[in-house]
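A.B. asks: The structure that follows is given in the form of structure tokens.
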Amino acid sequence: MLRTGDTRVEHEQEKVEAPLRVLMITAGWPQPGQPQTTHFVKRQAEFLRKAGVEVDVFPFRGAKRPWNYARAWMQVRPRMEPDRYDVVHAQFGQSGILALPKRLPLVVTLRGSDILGIVGPDGRYTLAGRISQAVARFALRRADAVVVVSEHMTGYFHTSAPVTVLPSGLDFDLFRIVPRDEARARLGWPLDKRLVLFAGNPEQPRKRHALAKAAIEVLNRTLPTELVVAWGVAHTDIPLYMNACDAFVFTSMQEGSPNVVKEALACDLPVVSVPIGDTAERLRGIAGCELVEDERPEAIAAALERVLRRGQRVAGRVAVAPLAEEAITARLIDVYRAAIARYAGRPAPRRDPAVAARLTER
């Protein structure tokens with residue numbers, strides 16, 4: 001029989017109940033006054049905290065410059081002590097280099113161009129991108145767990161660590177459904193125009209804004225439509241743009257697991273996309289969405305015309321329901337615990353069903 005006065009038992013209970021302590025290292029932390037292209041990293045940290053995990057963030061600016069990484073390495077190394085943290089989580093492959101040589105279990109999340117490569121202004125992969133890939137692969141071979149945001153990314157590296165496919169989660173409180181006309185009224189947009197949304201930096205070559213624009217020009221021969229570019233817009237306003245538009249067009253040439261596609265679906269906005277990243281998986285079986293294998297402007301325009309003439313929202317929110325940030329957070333905590341066990345040479349623990357229920361109900 002266990003006695004409450006037994007200090008050994010109390011110590012073991014304290015160990016079991018103590019919250020996980022995570023040091024999150026990332027070169028992709030949103031900066032004030034700049035487009036929040038990496039808002040999903042901040043959101044993941046916030047939801048981990050809501051789940052009871054203690055998260056400290058070490059943000060740094062890599063900018064593809066070795067001395068930035070060297071300076072960040074010297075700054076973060078004194079913090080990597082087992083009495084301060086249980087695990088290090090490197091967001092983006094190159095960030096993992098700051099955790100080496102290891103003093104703590106290491107989890108590395110790959111999100112796209114960090115392992116797929118960097119596309120230059122001419123549409124070709126750059127030398128700097130190849131170097132970044134090599135740095136990421138070096139870190140991955142020393143990781144205790146690897147997270148990728150979509151299955152196809154697993155073909156770009158080798159590691160002995162367990163690999164988990166874990167897309168970025170969705171905040172359904174933010175990406176909620178608003179009637180189209182209400183959203184347009186709030187934005188001051190006309191009610192009588194067909195609007196197609198492009199959400200991305202039009203100056204970034206891999207986003208292929210020119211292809212989306214060309215498709216709209218073709219579409220205008222038969223169906224008057226305007227292309228709305230949501231860039232430089234606060235992330236909290238993107239749901240309003242999605243609810244105000246009639247369709248979403250996605251033309252990227254390279255992606256991991258594009259968040260904007262999932263966010264559009266969370267707003268029940270019809271999506272027309274080229275087959276990149278995990279878009280085929282996300283759009284599968286959703287009536288009113290189209291995956292365009294032929295990436296010519298004419299083919300994309302034809303798909304947009306079918307979607308616009310249909311004139312209905314889609315059942316996207318139901319399709320992406322399993323990607324709620326709370327559920328993704330629960331799975332990530334499992335990854336942390338498995339990495340800690342692997343680092344210590346122990347079998348991966350099984351999740352307590354009560355804990356699982358608490359995490360997914362938040």
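The values are calculated or read from the model by the stated rules, or taken from the named source; none is laboratory data. In this text the structure is predicted, and so the values were computed from the model without any measurement. Note that we place each Cβ from the backbone using ideal geometry, even for glycine, and neighbour counts take in every protein chain shown. For the accessible areas, the whole protein counts, side chains as well, though only heavy atoms, and no ligand, DNA or RNA atoms are used. Shrake-Rupley method; radii C 1.70, N 1.55, O 1.52, S 1.80 Å.
A.B. asks: If you add up the charges near Phe175, with Lys and Arg at +1 and Asp and Glu at -1, over every other residue whose beta carbon is less than 9 angstrom from its beta carbon, what do you get?
C.D. replies: Residues near Phe175 contribute 0 overall.
A.B. asks: Kirkwood Rh, Cα Rg: Rg to Rh for region 210-362?
C.D. replies: Rounded to two decimals, Rg/Rh equals 1.10.
A.B. asks: Could you tell me which of rounded, prolate or oblate describes region 188-274, using a ≥ b ≥ c as the square roots of the eigenvalues of the alpha-carbon gyration tensor, with rounded for a/c under 1.5 and, failing that, prolate when a/b is larger than b/c and oblate otherwise?
C.D. replies: The shape class here is oblate.
A.B. asks: Averaged per residue, what accessible area in Å² does region 122-165 show with a 1.4 Å probe, protein chains only?
C.D. replies: 53 Å²
A.B. asks: Which value, in Å to one decimal place, does the Kirkwood hydrodynamic radius take for the chain when every pair of different Cα atoms is included?
C.D. replies: 21.9 Å
A.B. asks: Taking the Cα centre of each part, how many Å lie between region 162-224 and region 71-111?
C.D. replies: For region 162-224 versus region 71-111, the Cα centre distance is 36 Å.
A.B. asks: Under 10 Å, Cα contacts only: if you run a Gaussian network model on the chain, which one of Pro66, Pro202, Pro322 comes out with the highest mean-square fluctuation?
C.D. replies: Per the Cα network of the chain with a 10 Å cutoff, Pro66 tops the list.
A.B. asks: Also: Per-residue counts of other Cβ atoms within 10 Å, averaged by peptide: what ranking do you get for 263-273, 337-347, 120-130, 299-309, highest first?
C.D. replies: Order by mean packing, descending: 263-273, 299-309, 337-347, 120-130.
A.B. asks: To continue, here is another question. Check Val228: other-chain or 5+ apart residues with amide H under 5 Å from its amide H, H built from backbone geometry?
C.D. replies: Sorted by chain and number, the residues that satisfy this are Val196, Leu197, Phe198.
A.B. asks: Here's something else I'd like to know. Using only DSSP helix segments of four residues or longer, with each worth -39500 (n - 2.57), what per-residue ellipticity at 222 nm results for the chain after dividing by its residue count and rounding to 500?
C.D. replies: Mean residue ellipticity, 222 nm, calculated: -11000 deg cm²/dmol.
A.B. asks: With a point put 7 Å past each Cα toward its Cβ, work out how far Arg221 is from Glu298 in nm, to one decimal.
C.D. replies: 0.7 nm
A.B. asks: Going Cα to Cα from Lys64, which aspartates and glutamates come in below 20 Å? Please leave out same-chain ones fewer than 8 positions away.
C.D. replies: Once the sequence-local aspartates and glutamates are set aside, what remains near Lys64 is Asp114, Asp122, Glu203, Glu255.
A.B. asks: Would you tally the net charge around Arg313, using a Cβ to Cβ cut-off of less than 9 Å, leaving Arg313 out, and scoring K and R as +1, D and E as -1?
C.D. replies: That works out to 0.
A.B. asks: Considering the options Ala139, Ala230, Pro275, tell which one lies farthest towards the positive end of the dipole of the chain, charges being +1 on Lys and Arg and -1 on Asp and Glu at the Cβ, about the Cα centre.
C.D. replies: Comparing the listed Cα positions along the dipole, Ala139 ranks first.
A.B. asks: Can you compute the modelled spin-label distance between Leu127 and Trp73, with each label point 7 Å from Cα toward Cβ, in nm?
C.D. replies: That separation, rounded to one decimal, is 2.1 nm.
A.B. asks: Under a point spin-label approximation (7 Å from Cα along Cα-to-Cβ), what is the Val233-Thr164 distance to one decimal in nm?
C.D. replies: Between Val233 and Thr164, the simple spin-label model gives 3.3 nm.
A.B. asks: Could you please report the charge total around Leu191, scoring K, R as +1 and D, E as -1 over all other residues with beta-carbon less than 14 angstrom from its beta-carbon?
C.D. replies: Details: positive: Arg180, Arg184, Arg186, Lys193, Arg194; negative: Asp181, Glu182, Asp192, Glu226, Asp246.
Residues near Leu191 contribute 0 overall.
A.B. asks: May I ask you to order 160-166, 98-104 by the average number of other C-beta atoms within 10 Å around their residues, highest value first?
C.D. replies: 98-104, 160-166
A.B. asks: Accessible area per residue of region 247-288 at 1.4 Å probe, in Å²?
C.D. replies: Heavy-atom accessible area per residue stands at 21 Å².
A.B. asks: Using 0.36 nm times the number of residues separating Arg84 and Arg306, minus their current alpha carbon distance, what extension gain do you get? Working shown, then result.
C.D. replies: Working: separation 222, 0.36 × 222 = 79.92 nm, distance 5.64 nm.
Result for the pair: 74.3 nm of gain on full extension.
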